[in-house]
Amino acid sequence: MFKKQYFHIIGRTTLHHFLVVVLLIAALALPHSVQAASDVYLQYRQWQPYDWPEEMASAKEVTRSQRGLGWHHQSAAGEFGIDYDYQPLRIRTGAPAHNGHLHRLTFGGQWQHHLYLVEARAGFAGTSNMFKHQAFHGDVVNGRVAMFRAVSEGSPLSLGIGGDHRFGSFRWLPRVRWEYASDSGHWLMDLPVMLRWQSPGSLWELRLERKGDRWATLDEAREVEGALYLREWRAELTYRVRPAEGLWPSVVLGVGASVDTRVRYRDLATGTRDQRLGDALLGSLRLGW
C-alpha cells in the first residue's frame, strides 16, 4: 500500500513539473507579438451509436461524442496551440477496466525552418477517475512527432518520418507530404495519414484522416492500470456558415463518417479486447473567435 501511494505521489509531482516546463517553453519560444494574439474555438462532435458486433443477449450499443476547446496561433514561422477534449465512449458490454470518460490535454504545433518542417505535440490523456483521484501511471503522458525535409527549395514534395498512436501502439512510419495551392483551392497530402482539400477562401474543407490515440485507464476500484487505444479512418466535409465578426463567432458545420473504428482495452473478465466497432455517421459544430 505504501509503495502504491509513493508512486502516486511521484506521478503527481512529475506530471505537475512536466506541465510547468511545457508552459514555460511555449511562453519563452513565442515572440511578444505572438503571445498577444489568440484564436479560440469550441467544438462538438456526435456519432450515431455503434452496434456491438457480437450477437450477445446483454450487448448494448456503444455511444460516442466529443467536446473540445482550444487556443491556436498561426504565423509565417508556424503554429502553436493548446487543445483539450472530452470524449465519452460508453461500452456497456462485459466488464471494461475503464469508465469510458476520456480526457485529453495537448500542447504543440508545427514549425518551418528552411527545408525542414517539424510537427510535435505532447500532453496528458486518461480516464476521469485518474484525474479526479490523481492516481496517475506512465501511460497518461502522451505525444506525437513528425519531421519532414523538402526535396528542394520551393518543392511541394517533402519526405519524412513520424511516430504516433494512429494505428494502435506507438510506431514510426515513413511519411510523404505534398502541398499545392491553385485556383481550385489548397491541397495537402500527408501519406499515409491524411488528405485535405480547402476551397478558395477556406469556405469548404474536405478531410480524409487516420485518427488514433491512447488514453491511460483505471478500473472503478483504481487497482487495475491499463490503456485504451481508439483508432479509425475519418472522412468529414465542413462548411463555414459565417465568418467571425466582432464578438460573434464563426460557425462551421460538418458531416462525415468514421470507418473501421476499433478499440483495444482491458476487460476484467476476458482480458485484452481488440474490438471492431464498425462504421458510423457523424455531425459536428465548431465556433471560433
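Numbers at a glance
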| item | result |
| --- | --- |
| Chain lengthening between E179 and V145 when straightened (0.36 nm per residue, less Cα-Cα) | 10.3 nm |
| Contact order relative to length of segment 9-288, as percent, for alpha carbon pairs under 8 angstrom and 6 or more apart | 15 |
| Pairwise centroid distance, computed over Cα atoms, of segment 131-171 with segment 63-99, Å | 16 |
| Centroid-to-centroid separation of segment 247-271 and segment 202-241 [C-alpha atoms, Å] | 5 |
| Spread of Cα-to-Cα distances over 5 Å intervals beginning at zero, given as percent, for segment 9-288 | 1, 5, 10, 14, 17, 17, 15, 10, 6, 3, 1, 0, 0 |
| Amide N proximity, segment 248-272 versus Q48 label position 7 Å along Cα-to-Cβ, cut-off under 20 Å | 253-263 |
| DSSP-assigned coil residues among GluC sites (Glu not before Pro) in segment 107-200, each with at most 10 further Cβ atoms within 10 Å | E153 |
| Hz values of 3J(HN,Hα) by residue in segment 90-107 - Karplus curve (6.51, -1.76, 1.60), Gly and Pro given as x | 9, 9, 9, 10, x, 10, x, 8, 7, 9, x, 9, 9, 10, 9, 10, 10, 10 |
| Zone of F167's modelled label, taken as backbone nitrogen in segment 111-134 under 20 Å from a point 7 Å along Cα→Cβ | 119-121 |
| Length added when fully stretched, W204-E245, from 0.36 nm per residue minus Cα-Cα | 12.9 nm |
| Relative contact order of segment 130-266, defined on C-alpha pairs under 8 angstrom at six or more residues apart (%) | 17 |
| Computed E for H72/L253 - FRET, C-beta separation, R0 25 angstrom, nearest 0.05 | 0.80 |
| HN-Hα J in Hz across segment 114-124 - Karplus 6.51, -1.76, 1.60, θ = phi - 60°, x for Gly and Pro | 6, 7, 9, 10, 10, 10, 8, 9, 9, x, 10 |
| Normalised convex hull volume, segment 165-285, alpha-carbon set, Å³ per residue | 151 |
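We did not get these values from a lab; they are worked out from the coordinates using the rules stated. Not measured: the values here are computed from a predicted model. Positions of Cβ are backbone-derived with ideal geometry, glycine not excepted, and every protein chain shown enters the neighbour counts.
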